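Read through the structure below, which is laid out as structure tokens, and then see the notes.
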Amino acid sequence: MHDSWADGKASRTDGRTPTRVRGESPGLAAWYIVQTKPHKEAAVESLLRSIVAEVYLPRIVERVRAGPTMQRRISPLFPSYLFAYLAINSLGKTVRYSCGVRDFVRFGGVAQPVAPEIIEAIRARIGPQGVYEPPPVRFRVGERLQINEGPLRGLEVVFEREMNGPERVAVLLAEVQLAARIIVESNVLSKA
């Protein structure tokens with residue numbers, strides 16, 4: 001295997017695309033997007049923490065079905081991707097061939113740095129813990145809704161009020177002569 005960098009153009013005799021970026025000064029660190037193998041983001045994050053200056057894996061709280069109930073799960077915001085701050089000339093190959101890493105995100109066959117402003121914008125929206133929790137859905141008093149989960153699935157209801165925060169709400173059954181109030185989680189409702 002032979003690398004040729006003297007003319008400013010990257011080439012290899014083994015046919016693989018090189019990791020280095022043309023024109024980059026040795027030792028100059030930047031943010032790069034690392035693509036991981038499926039479901040290996042946390043393992044790669046842990047491994048890269050011992051190799052590169054900084055690793056950023058933004059996460060999101062998701063609601064997922066587990067049998068008949070919904071549960072909260074923390075998942076990567078960008079599945080199979082994370083951000084790494086490194087000098088690609090010196091650490092690019094080490095990162096690229098680390099366990100669980102598929103490759104760097106490339107354009108035109110070249111690993112492209114990400115502007116630091118993009119990383120800061122993501123961090124500002126997600127918060128200091130690095131986990132984004134989407135706000136619960138808010139409804140207006142009197143708004144007609146439909147229950148989407150559980151034993152009352154498909155029933156139309158009328159929004160009455162929030163109960164101890166926006167995650168639990170009181171609704172009135174819309175189809176019944178008797179005004180029956182029920183308490184449900186706001187995430188099981190949608191506009192009718």
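Treating only the Cβ atoms of Lys and Arg (+1) and Asp and Glu (-1) as charged, compute the dipole magnitude of segment 76-181 about its Cα centre; round to the nearest 20 debye.
For segment 76-181, the charge dipole is close to 360 debye.
Restriction of the chymotrypsin sites (Phe, Trp or Tyr not before Pro) in segment 68-116 to DSSP coil positions whose beta-carbon has at most 12 other beta-carbons within 10 angstrom yields Tyr97. Here the Karplus relation 6.51 cos²θ - 1.76 cosθ + 1.60, evaluated at θ = phi - 60°, turns the backbone of segment 100-107 into coupling constants of x, 8, 8, 4, 7, 6, 10, 10 Hz, with x for every Gly and Pro. Take the Cα of Met163, step 7 Å toward its Cβ, do the same at Asp103, and the gap between the two points is 5.3 nm.
Here's the picture: charge each Lys and Arg Cβ at +1 and each Asp and Glu Cβ at -1 in segment 80-133, and of Cys99, Leu86, Pro128 the one pushed furthest to the positive end of that dipole is Cys99.
Values quoted throughout were computed directly from the atomic coordinates according to the rules given, and no laboratory measurement underlies them. Bear in mind the structure is a predicted one, so any value in this text is a computation, not a measurement. Glycine gets a Cβ as well: all are built from the backbone with ideal geometry, and neighbour counts include every protein chain shown.
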